[in-house]
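The values are calculated or read from the model by the stated rules, or taken from the named source; none is laboratory data. Quick caveat, the model's predicted, so the values are computed rather than measured. Here the Cβ is made from the backbone with ideal geometry for all residues, glycine too, and neighbour counts use every protein chain on show. Just the protein is used for accessible areas: all its heavy atoms, side chains included, with ligands, DNA and RNA removed. Shrake-Rupley method; radii C 1.70, N 1.55, O 1.52, S 1.80 Å.
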Amino acid sequence: MMEPNAWSGHTRGTPAYRRVLFGLFLAGIATFAQLYAPQAVLPLIARDLEITEATSALVISAATLGLAIGVLPWSLVADRVGRVRAMIVAVCGATAVGFAVPFAPTLELMLAGRLVEGLLIGGVPAVAIAYLTEEITKQHAARAAGTYIAGTTIGGLSGRIIAGPIAAQTTWQTGVIVVAGLCALCALGFAVLAPAPRGFVPLRKRQQSGPPVLERIRGAAGSPQLLALYAQAFLLMGGFVAVYNFLSFRLMAAPFSLAPAIVSFIFVAYLAGTWSSSRAGALAVRFGRLPVLVGGTFVMIAGVIATLSDVLVIVLAGLVVMTAGFFAAHAIASGWTGAVATVGRAQASSLYNLAYYAGSSVFGWLGGVFLASGGWTGTALMVVGLALCAAVIAVATLRTRYRDGS
């Protein structure tokens, strides 16, 4: 087998390049559609199981907790058995569990199933960026990462907008099962399309085992540049989730007084992220990663500020702008993580995802504290503050990498 350092990567426009991108696009849909599908049917779950709204939300929290726990172990598995094999096992296993979860006889078993589902789902985001970095030429890696992130946005959106309407006409179990069926098709597509890796040799096939696990983790956790990229994930994702968690409260209150059914369609704004995450990669090729990362962050800030308006059209436009800015920055930061890491690339990708979901948990909750004390203005200012901190950290820490052409 060809040594990794003799492989420069698939070039843009080749069949293998397209297979890598479309395969990972499908993997992104398969993982994030099932992760978020129950969010659209939480009221039906609460009514059916006779539980409170807060308890029903544990169906989502259990899966995201499992994902956060699973990303680092999956990176170690991928180092041993290979990126593609690990992702195929993860996405197919998660989909199988996804079919079983709606039929759990008790809430406790359902939550346990969702935790396992999240643990399995974590295998894709833990490995995907490292796989892209190794299989795609350096000059096109940022564009490829953006395409993968676009698939995750389509997945998160489709899981919500497919499960909800179907459940309204049938049952919430049917809505979740239909999404699981979509995920099964996408998982199969990924397994068929993903070309065999050429830029990575599993540890078990190497004559030298390479750096030990602790050294790879230490390398992924000790670089100032990587820590700065993890900070982007923690701060920007935290602010992004806070907006989507609590803007609906503002839209249902005066002066808008929108019905909950109408407010649920704000997730369509995710399509702006689908476009911007893919476009960000192309812009990074032209202008460099740092300008696009910081630019996306300030676009996000502008969108959040627009949501302070009392004019509904401006608020919704601000949400679209905020979403586009966030996903552009996220696409760059996640792809850059794989490029910066020289030791423990999969572990670096996993730590990025850990920071990403930790930010979601911490600031997704803290935004409600600011909402209670300062209204929507308080939440919006918190998000702006987080984004500004992320931009300062990026400029202060990543400028050297940009000057070096990374």
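Annotation: peptides 160-168, 312-320, ranked by per-residue average of other Cβ atoms within 10 Å with the highest first, follow the order 160-168, 312-320.
Given a 1.4 Å probe and the protein chains as shown, Tyr352 ends up with an accessible area of around 10 Å². With protein chains left intact and a 1.4 Å probe, residues in the range 88-144 average 33 Å² of accessible area per residue. Can you bin the range 62-107 into rounded, prolate or oblate? Criterion: square roots of the alpha carbon gyration tensor eigenvalues sorted a ≥ b ≥ c, rounded for a/c under 1.5, prolate for a/b above b/c, oblate for the rest. Because a/c hits 1.5 or more and a/b fails to exceed b/c, the range 62-107 counts as oblate.
Which whole-number percentage describes the relative contact order of the chain, with Cα contacts under 8 Å and a sequence gap of 6 or more?
Once divided by the residue count of the chain, the mean separation gives 24 percent.
Between Phe103 and Leu188, the FRET efficiency estimated from the beta carbon spacing at R0 = 22 angstrom works out to 0.50. Between Ile154, Ile332, Ile262, the GNM of the chain built on Cα springs shorter than 10 angstrom shows Ile262 fluctuating the most. Projecting the Cα atoms of Gly66, Gly156, Ala128 onto the dipole axis of the range 41-158, where Lys and Arg carry +1 and Asp and Glu carry -1 at the beta carbon, places Ala128 farthest toward the positive end. Ranking of Asp310, Asp79 by solvent-accessible surface, largest first: Asp310, Asp79 (1.4 Å probe, protein heavy atoms only, all chains present). Whole angstrom only: what separates the Cα centroid of the range 358-394 from the Cα centroid of the range 303-338? Answer, in whole Å: 14. Placing R0 at 30 angstrom, the Cβ-Cβ distance between Ile69 and Val311 gives a FRET efficiency of 0.10 after rounding to 0.05. Estimated from helices alone, the mean residue ellipticity of the chain at 222 nm is -27500 deg cm²/dmol (sum of -39500 (n - 2.57) over DSSP H runs with n ≥ 4, per residue).
Over the range 25-153, with every protein chain in place, what whole percent of the accessible area is carbon and sulfur at 1.4 Å, could you tell me?
69 percent
Sequence-distant contacts, meaning Cα pairs under 8 Å at least 6 residues apart, place the relative contact order of the range 254-394 at 27 percent. In terms of its C-alpha gyration tensor, the chain has an oblate overall shape, because the principal axis ratio a/c (a ≥ b ≥ c, square roots of the eigenvalues) is not below 1.5 and a/b does not outweigh b/c. For the chain, the residue among Ala254, Ala94, Thr274 whose Cα projects farthest onto the positive side of the dipole built from Cβ charges is Thr274.
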